[in-house]
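These notes concern the structure reproduced below.
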Amino acid sequence: MFKQIGEILSDSMVDQRVCIRGWIYRRSVVGGVAFVRIRDSTGVVQVVVEESRLGSDIVRTLKDIGLEASVEACGKVVKQPRAPTGYEIIADYFKILGYSRDFPIKGGEGVEYLLDKRHLVLRSPRYTAIWKIKHTILSAGREWFNKNGWWEVTPPILTASACEGGATLFPVQYFDKTAYLSQSAQLYLEVMIYSLEKVWSLTPSFRAEQSRTRRHLAEYWHLEAEAAWYDMNDMMKVAEELVGYIVGRVIDERRSELELLNRNIDSLKKALEPPYPRIKYDEAIEILQKRGINIQWGSDLGADEERVLTMEFDKPFFVTHFPKEIKSFYMKLDPSNPRVVLGFDLLAPEGYGEIIGGSQREDDYETLVKRIIENGYKVEDYEWYLDLRRYGTVVHSGFGLGIERLLMWVAGLDHIRDATPFPRFRGRIYP
Ligand code: 4AD
Ligand code: MG
């Protein structure tokens with residue numbers, strides 16, 4: 001009997017009597033008429049409550065009621081170009097279900113206050129649009145892997161050793177030992193390729209990032225792939241096909257949400273067609289130096305450097321062959337130049353920067369032992385990982401895609417905190 005608001009915003013509903021339920025998003029009372037904008041998960045519609053039809057009590061109540069009260073209403077749909085979404089309901093029935101007194105978000109509050117009220121802030125149509133885009137990204141990602149012959153696996157979150165460096169490890173008390181929250185499923189996916197060859201997983205990853213930035217979370221969703229027999233180039237093709245497919249699905253299925261967020265869809269469309277450009281780290285340094293950035297060969301590319309690089313491209317692009325010192329121990333050294341690794345990052349355009357990090361993996365036992373030691377890790381912690389090179393080692397590669405990073409770019413968000421409902425940063429774990 002109740003319709004969703006999205007269903008009634010159409011010419012075919014005009015003159016029909018409908019009932020809806022939702023929350024009060026805005027309201028104003030002019031004379032004896034209340035204009036109440038009601039939202040549900042599908043949209044917003046204006047409901048007109050007239051004293052002459054429904055009595056003065058309800059209009060008086062609506063004058064004082066707080067935003068976000070839950071209500072139900074019935075009435076005839078009319079076309080109304082002056083209403084925010086083009087249609088109105090002229091109410092013949094209106095009922096308040098759940099009162100809302102002094103809703104604490106009135107507009108103009110600061111970032112920290114809004115983070116404390118996150119559980120209420122999330123009700124805005126802007127966030128509804130963002131979560132729908134995230135849903136489509138996740139569903140398209142899964143679908144791409146499933147359609148292309150990859151196996152989904154379930155790696156652990158409690159781990160015994162570091163994948164991405166000790167500095168960002170979160171220790172947890174594990175019975176009488178210290179364990180860590182997973183930074184990446186990669187090492188476990190590398191195990192799984194020996195039984196399934198092409199595997200993927202979607203898991204939370206944790207990084208104890210020391211500083212709060214626009215693009216770092218302490219907890220994020222990580223879509224990772226790993227495949228036997230794939231070299232770096234094979235894996236870069238997987239990354240670009242996957243990203244192109246996800247962006248295509250979002251443009252097809254989430255157009256109105258992208259429009260609500262004022263996302264420029266034409267620039268996004270450029271990502272639909274792989275291959276994406278590829279540059280080596282050496283060229284990236286040259287470009288940056290030409291643009292007046294003070295950076296030397298050997299330095300890592302931070303957010304600022306990446307932003308400058310993204311100005312050179314109008315679609316996602318790869319940076320490859322980084323100096324081994326700035327990348328992880330497991331990346332394979334380039335046989336033709338062992339100062340660099342067969343690693344790649346995929347950077348999103350329009351200033352966004354890294355959304356994927358990946359590499360071919362070191363498959364040679366001796367070299368990997370050396371790399372573990374060089375990086376200051378204990379070889380005994382990685383005996384199990386070294387076994388993969390002792391018993392039937394193969395060429396293999398993989399990557400990890402940060403879902404919130406991808407969402408930031410696709411939805412055009414300024415800050416990664418808006419890409420996850422309950423962002424975790426240093427100094428904040430509430431609610
Ligand atoms: O580049 P990263 O550190 O690579 C790895 O973790 C590899 N082990 C993945 C693999 O090869 N299986 O992280 C991968 C991606 C980054 O490109 C970024 O999108 C995201 O994870 N990421 C973060 N997203 C949000 N907040 C953070 N603190 C992130 N750190 C990494
Ligand atoms: Mg990275």
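How much length would be gained if the chain were fully extended between residue 364 and residue 278, taking 0.36 nm per residue of separation minus their Cα-Cα distance, in nm to one decimal? Write out the running numbers ahead of the final one.
Values: separation 86, 0.36 × 86 = 30.96 nm, distance 2.63 nm.
Between residue 364 and residue 278, full extension yields an extra 28.3 nm.
Computed from Cα positions, the angle between helix 365-374 and the longest principal axis of the chain comes to roughly 70 degrees. Where does helix 281-290 land angle-wise versus the long Cα axis of the chain, in degrees 0 to 90, nearest 10? Computed tilt is about 70 degrees. Comparing Cα centroids, the range 74-149 and the range 291-338 end up 40 angstrom apart. The heavy atoms of residue 221 offer some 100 square angstrom of accessible surface to a 1.4 angstrom probe. Between their Cα atoms, which of 134/280; 290/324; 3/134; 132/327 are more than 27 Å away from each other? Over 27 Å Cα-Cα: 134/280; 132/327.
Separation of the range 188-203 from the range 353-412 is 13 Å, based on Cα centroids.
When only the heavy atoms of the protein chains count and the probe is 1.4 Å, how do 134, 147 rank by accessible area, highest first? Could you put the intermediate results ahead of the total?
Details: 134 20, 147 140 Å².
The most accessible residue leads, giving 147, 134.
Taking the empirical scaling 2.2 N^0.38 Å for compact globular proteins as reference, the range 5-98 has a Cα radius of gyration ratio of 0.96.
Take the Cα of residue 314, step 7 Å toward its Cβ, do the same at residue 105, and the gap between the two points is 3.6 nm. Taking 0.36 nm per residue of sequence separation and removing the Cα-Cα distance, the residue 10/residue 76 pair yields an extension gain of 22.5 nm. Checking Cβ-Cβ separations below 4.7 Å across the chain identifies 163 as cysteines lacking any candidate disulfide partner. Sorting 290, 117 on solvent-accessible area from highest to lowest, probe radius 1.4 Å, gives 290, 117.
Sketch the reach of a paramagnetic label on residue 118 as a point 7 Å from Cα along Cα-to-Cβ, and name the residues of the range 383-424 whose backbone nitrogen lies under 19 Å away. Within reach of a label on residue 118, which here means backbone N under 19 Å from a point 7 Å along Cα→Cβ, the range 383-424 contributes 402-409, 413-424. For residue 405, the accessible surface of its heavy atoms amounts to roughly 50 Å² (probe 1.4 Å, protein chains only, rounded to the nearest 10). With contributions of -39500 (n - 2.57) from each DSSP H run of at least four residues, the per-residue ellipticity at 222 nm computed over the chain stands at -9000 deg cm²/dmol.
How do 344, 2, 422 rank by accessible surface area computed with a 1.4 Å probe, from largest to smallest? Write down the numbers at each step before the final one.
On the way: 344 0, 2 65, 422 95 Å².
Largest to smallest exposure gives the sequence 422, 2, 344.
Translational diffusion coefficient of the chain at 10 °C, 1.306 mPa s, Stokes-Einstein with Kirkwood Rh over Cα pairs, in µm²/s as a whole number. Intermediate values should be presented prior to the final figure.
Details: Rh = 24.4 Å.
Result for D is 65 µm²/s.
Of the whole protein surface, residue 291 contributes about 130 Å² of accessible area at a 1.4 Å probe radius.
Taking a point 7 Å from the Cα of residue 325 along the Cα-to-Cβ direction, the residues of the range 363-390 with backbone N closer than 18 Å to it are 371-377. Normalised per residue, the accessible area of the chain is 46 Å², obtained with a 1.4 Å probe and no contribution from ligands, DNA or RNA.
The values are calculated or read from the model by the stated rules, or taken from the named source; none is laboratory data. Bear in mind that the values here come from a model prediction, so they are computed numbers and not experimental data. Reconstructed Cβ throughout: ideal geometry from the backbone, glycine too, with neighbour counts over all protein chains shown. Surface accessibility is based on the protein's heavy atoms, side chains included, excluding ligands, DNA and RNA. Shrake-Rupley method; radii C 1.70, N 1.55, O 1.52, S 1.80 Å.
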